[in-house]
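K.L.:
Mind having a look at this structure? Questions to follow.
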There are 2 protein chains.
Amino acid sequence: MLKVSQNYPKNIATSNQVFRQEIDFKNITKAPTYALFQKLGLISSSSSGIINWLPLGLRILKKVENVIHKRMTEIGCDEVALTSLSSKELWQKTGRWENNELFKLTDLKKADYCLAATCEEEISEIVKSNLDSYKDLPLLLYQITRKYRDELRPRAGLLRSREFVMKDAYSFHLDQTDAKMCFDLFNQAYYKIFNDLKVPFVSALADSGEIGGDLSLEWHYPNENGEDTLFECSHCKKISNIEKQASLPNDKSNEASEASEASEASEVSKASETSEASVRYYLTEDNNTLIAAYYPKERKLMSSFIKKEIPEINLKLKDQSEILKLFKENTDEENNGFIKNVIRVMDVRINPSTILPDFPSEIKFQRNSFTTLNDFSIVEAKEKEICGDCEKGVISSFKSIEVGHTFYLGTRYSKPMSLKVKSTDGKQDIYLEMGCYGIGVSRLMAAIAEVSRDDSGLCWPSIIAPYHLSLIVIPQFSNERTAGKVDQLIKECSENGIEVFNGNTNTNDYSLKKRINETMSLGIPLFIVIGGKFLDKNMIEIEVRPSKFRDYKTNSSHDSELEINKLYRDPNNKRNWNWEFRKAIKNARATYNETHVVNRKGFIPVVKALLKDL
Amino acid sequence: MLKVSQNYPKNIATSNQVFRQEIDFKNITKAPTYALFQKLGLISSSSSGIINWLPLGLRILKKVENVIHKRMTEIGCDEVALTSLSSKELWQKTGRWENNELFKLTDLKKADYCLAATCEEEISEIVKSNLDSYKDLPLLLYQITRKYRDELRPRAGLLRSREFVMKDAYSFHLDQTDAKMCFDLFNQAYYKIFNDLKVPFVSALADSGEIGGDLSLEWHYPNENGEDTLFECSHCKKISNIEKQASLPNDKSNEASEASEASEASEVSKASETSEASVRYYLTEDNNTLIAAYYPKERKLMSSFIKKEIPEINLKLKDQSEILKLFKENTDEENNGFIKNVIRVMDVRINPSTILPDFPSEIKFQRNSFTTLNDFSIVEAKEKEICGDCEKGVISSFKSIEVGHTFYLGTRYSKPMSLKVKSTDGKQDIYLEMGCYGIGVSRLMAAIAEVSRDDSGLCWPSIIAPYHLSLIVIPQFSNERTAGKVDQLIKECSENGIEVFNGNTNTNDYSLKKRINETMSLGIPLFIVIGGKFLDKNMIEIEVRPSKFRDYKTNSSHDSELEINKLYRDPNNKRNWNWEFRKAIKNARATYNETHVVNRKGFIPVVKALLKDL
């Protein structure tokens, strides 16, 4: 039935070549990572914050996804794929519809939808309509799909885009104990995922927002270009997000900071001398109690820290005059115009000599309505303060890129979504205990690039590298005999799961130098140069692309010895493969720190061992 | 750093079990396929035409995707993943923005987007910004992503949903010859894809719409519940979509259709006796020529058939009085109120005795302005007419489900998108020759289910079955010793790439009968029942789920002999494996037509052979 097209051109252009732009290798460090992604043909950004994935970038993204798939499957989490069109009714139930960052649209039948930014509502609805009894629990589900957030200020590239790929998992349990253990289970899986990726990471305690409790953990790559700030305590070693880090003033630090110490520290000491305070008012949920929070003028107040001490506080109400008005109206009637309760919360940094702002004149009060709480720390932590947690160590901050977040949700979503089952004795309805666990997958890929890039360009861990090995033929050896031997080599690699990058063998206008620069800039972990040594003597020189995390990888892996060293320790291998193991050599072509020269028999095993390490 | 949760429950509920509803196996044929998908826990539909993929359905979908990935890679087509948010500007360039079926939305910065329904604009824009010269061609790209179409009347399930998974490929060439060969190349890949899926399919010539030419092919599954109508010619064997099928009246059929023949045929014959015609007016693009198309009143006029003969015809203008008004205005001025040209197109079924409607009185005309074309067939084909193509055979129609469409686009999109390169001699700009090639992936999955389902439920070809083999333990043998042997069996299967469905071994309230019904309804191709025979004698009974396409598969495969027969022909296998090959046996448990009883040594090879065949 079908015509056979024998004349159709055999050499289809490799799209990698088409999408790769001319790169100034000498100044490659000057290009921001997102620009490098575009120049190298990984992605193409159509408008601000919107990404098109090109073949090379998609290969990497899919490999990152596979690392996650594996670890999710391992803990019994099943994969789903929920719609991107989530209906208004669901989001109204949880009070999340009124969010400016949701992309909203209306269909032909005038029904309203948002493009899913996250799927707590949708997944709860599905589980609700399928759950028969507590016997169906625990239930762990995840998906890797596109999510949407209409950020007013999206960043170029993948770090903060408006359409992004996210892994979001959800857990459903009958009781808190299991749900909290499941939170640990997911964090263990995350630990394995980040270990698989072989880039130094930390997990940090995070603010759990409205839900309360301590079960919120963020996963970060420390990096000076990161947008987040984390603190680490010198004593208890806990790492916390700045939103979570409690701190106490460090008097010693102030004394010590006379001469060479940072100006920031001396500012702190100055502040406690001049002593002027700011105040911010809150109401409790019942509007009956006014909370006046006093804190050093030059510091940033953290409402969430007050909430920890006074859980009844209403953080949603923000307008100060509105708060005072509401409180006045509420108390006037019952109390002859006098207020009921005022709680004054004084940051621990406020001292008796601090000048406090006047209490608002429109509020009449009786002296005995005041309670004063003195010892709380309610401002954002600063470098060199004392850890508010162990009260022993000194905290220091560093910048980082957040790539994952795990969350114990409790009944925050199951209650408004009416997601419940009968208890085991059948006597009562139990709202499910939920957890949610996110990884920004496209963001993760960008973060790895940001953190691991070097003077030569990108540098991927082999588990997510677009290809494992670059095969570069020296132009003067490019002939039919070479092609035959090269094809054989590629076939052998393919049979062994080694992915060969051979994108531009058809073009002769590519110099050897340029092709080595290219494989380095693409971050392909290994490359070989095909020339006389291979063609005449059957010896292959495997060059390892340097990586700044090689040492980290050795330290963090469970088995501390590198695979390649294990292999090299066997004298039979050295002899049979004529194996020459060179380290830290520089030559005119490029800078690299590790080369393995082996015969054909040693080629596959050595490449395999290197890929396990890299 | 991380706590280890040793007390966490080991038996996580399998989501398959949670999402599967109670099924009435006796009346399973009465459930529409989309309802079966929901009951079996493959998908969950949130609102009309919007789908959530549950674990079991997603497994199948991903396998369908893999079949496609393989064949796309084979022809050098590289994978991309374009944004779902496509900007208004692009769609305005090609005149496709004003389309009611596009979901449209506005972002915070008041920019307009649609949810991509297809990606000709987006991909052209990307190629345009990356293409340096003709040396970058040909370029073949594809993606498998979600697409959106706001259908007013979506159908339940996956056949016509508003959010669906589509494979869309695009090709870019410098000249027509290569572009047309590429069209063949894609059709060959499609042929292989549908062969891989082992369900009877046809490809049909289709209307290429505005673009013209014959290069448009649809891929269908013949099925009585399908929405499409195809015709096949008894002589030239060409299969065409009803929109493409040209036909000629069949006088013999009329003569023969006196007594028992279909009433439809006698209607045709009656019509040609009473002879009354309808007319429809068109203008040419320059508004200078009026085309009056006359056709039998009871037939459906096909404008596209007229366009084939008169390419200058303007099919966009539809309002009849508007056409006459425009024509009059245009000709009045230059021609003293007399019209210039009228072409009367008479359907071949019009005869001299046919009563023609009057020519509109508002148009003054001179006799010599008329041209009459007599021999065209311009109405939709009917059963038993003569094939308009070979003019020899009789055509007959059948219903089908369309699942793919390939299209040679020419410069339809490259021109408005300014997608061009310098010619090889550098002297002129050449607009790229494009093609596009679609497969509705989620639709394909639904169509396969629709076409292959039987009295027992769904029946998947093994290449896309959610699991390969169901493992069913007879309740009274469920103990620790059995569990040990079963685990060993599962491990061996897993090492050999055989996916075992073992979803409900933990529940004891599942009867043997129910579990067999279940594996049959899920369409898993093989199952084994673990009982005394296996536990005591190490013999395994492999039962093959019947499939109505078993014969088709044998006929269509390149190698016509079944793998299982090849294996059985070797007397060593029969002897070593104690192999008993039973066919067409019925018993009380279920109806099946093929069973293989083998010892442990024969288990894996026999299962592997069966999976290749099924």
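The values are calculated or read from the model by the stated rules, or taken from the named source; none is laboratory data. Everything quoted here is computed from the prediction, not taken from an experiment. Neighbour counts run over all protein chains shown; Cβ positions are idealised from the backbone, glycine included. What goes into the accessible areas is simple: the full protein's heavy atoms, side chains included, and nothing from ligands, DNA or RNA. Shrake-Rupley method; radii C 1.70, N 1.55, O 1.52, S 1.80 Å.
K.L.:
Here are A:186, A:164, A:172: which of them is within 11 Å of chain B (Cβ to nearest Cβ), open to solvent by 20 Å² or more (accessible area, probe 1.4 Å) and modelled with pLDDT of 95 or more?
P.N.:
A:164
K.L.:
Here is a follow-up. Is it true that residue B:122 is open to solvent by less than 10 Å² (accessible area, probe 1.4 Å) and of a type in the set (D, E, K, R)?
P.N.:
The answer is yes for residue B:122.
K.L.:
Does residue A:195 satisfy the condition of being within 13 Å of chain B (Cβ to nearest Cβ), among the polar types (S, T, N, Q) and more than 20 Å from residue A:409 (Cα to Cα)?
P.N.:
Against the criterion (within 13 Å of chain B (Cβ to nearest Cβ), among the polar types (S, T, N, Q) and more than 20 Å from residue A:409 (Cα to Cα)), residue A:195 qualifies.
K.L.:
Write out, first by first residue and then by second, each pair whose Cβ atoms fall under 7 Å of each other, whose residues are 6+ apart or on separate chains, and whose first residue, in segment B:477-489, is among the charged types (D, E, K, R) while the second is open to solvent by less than 50 Å² (accessible area, probe 1.4 Å) and modelled with pLDDT under 90.
P.N.:
Pairs that qualify, where the first residue is among the charged types (D, E, K, R) and the partner is open to solvent by less than 50 Å² (accessible area, probe 1.4 Å) and modelled with pLDDT under 90, are B:485/B:535.
K.L.:
Output the number of residues of segment A:58-91 satisfying the condition of being open to solvent by less than 10 Å² (accessible area, probe 1.4 Å), in contact with a Pro (Cβ under 8 Å, 6 or more places away or on another chain) and within 11 Å of chain B (Cβ to nearest Cβ).
P.N.:
Number satisfying all stated conditions: 1.
K.L.:
Being in contact with a Pro (Cβ under 8 Å, 6 or more places away or on another chain), hydrophobic (A, V, I, L, M, F, W, C) and assigned to a strand (DSSP E or B) is the requirement here; does residue A:398 meet it?
P.N.:
yes
K.L.:
If you don't mind, another one. Within segment B:481-496, can one find any residue that is more than 21 Å from residue B:39 (Cβ to Cβ) and in a loop (DSSP other than H, G, I, E, B)?
P.N.:
Yes - at least one qualifying residue is present in segment B:481-496.
K.L.:
Here are the criteria: (1) within 14 Å of another protein chain (Cβ to nearest Cβ); (2) not in a loop (DSSP other than H, G, I, E, B). Tell me which single one residue B:237 does not satisfy.
P.N.:
(2)
K.L.:
What residue, among those in segment B:115-131 that are in contact (Cβ under 8 Å) with a residue 60 or more places away in the chain and not in a helix (DSSP H, G or I), is farthest from residue B:430 (Cα to Cα)? If you could, list the steps in order and put the result at the bottom.
P.N.:
Step one: filter segment B:115-131 for residues in contact (Cβ under 8 Å) with a residue 60 or more places away in the chain, giving B:118, B:120-121, B:124-125, B:127-128, B:131.
Remaining after also requiring not in a helix (DSSP H, G or I): B:118, B:131.
Working: B:118: 24, B:131: 13 Å.
Result: B:118.
One line per residue, one yes/no per condition, for (1) of a type outside the set (A, V, I, L, M); (2) out of contact with any Asp or Glu (no Cβ under 7 Å at 6 or more places or on another chain); (3) surrounded by fewer than 21 Cβ atoms within 10 Å (Cβ to Cβ):
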site: A:436; (1), (2), (3): yes, no, no
site: A:487; (1), (2), (3): yes, yes, yes
site: A:498; (1), (2), (3): no, yes, yes
site: A:501; (1), (2), (3): yes, yes, no
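K.L.:
Now, a different point. Among the residues of segment A:112-136, which ones are facing another protein chain (nearest Cβ under 8 Å) and basic (Lys, Arg)?
P.N.:
A:135
K.L.:
Can I ask one more? Find the strands (runs of 3 or more DSSP E) located wholly in segment A:27-114 whose residues include 2 or more that are within 25 Å of the chain's Cα centre (by Cα), at pLDDT below 95 and within 25 Å of residue A:444 (Cβ to Cβ), and list them.
P.N.:
A:43-45
K.L.:
Would you confirm whether any residue within segment A:137-149 is open to solvent by 30 Å² or more (accessible area, probe 1.4 Å), within 7 Å of another protein chain (Cβ to nearest Cβ) and within 20 Å of the chain's Cα centre (by Cα)?
P.N.:
Yes, segment A:137-149 contains a residue that is open to solvent by 30 Å² or more (accessible area, probe 1.4 Å), within 7 Å of another protein chain (Cβ to nearest Cβ) and within 20 Å of the chain's Cα centre (by Cα).
K.L.:
Between residues in segment B:452-472 that are within 15 Å of residue B:607 (Cβ to Cβ) and of a type in the set (Phe, Trp, Tyr) and residues that are open to solvent by 10 Å² or more (accessible area, probe 1.4 Å) and in a loop (DSSP other than H, G, I, E, B), which pairs lie under 8 Å by C-beta distance while being six or more apart or on different chains?
P.N.:
B:467/B:499
K.L.:
Test of understanding: among A:411, A:371, which residue is β-branched (Val, Ile, Thr), open to solvent by 50 Å² or more (accessible area, probe 1.4 Å) and within 22 Å of residue A:310 (Cα to Cα)?
P.N.:
A:371
K.L.:
Go through the residues of segment B:451-464 one by one and say whether even a single one is open to solvent by less than 40 Å² (accessible area, probe 1.4 Å), assigned to a strand (DSSP E or B) and farther than 30 Å from residue B:225 by Cβ.
P.N.:
No: segment B:451-464 contains no residue that is open to solvent by less than 40 Å² (accessible area, probe 1.4 Å), assigned to a strand (DSSP E or B) and farther than 30 Å from residue B:225 by Cβ.
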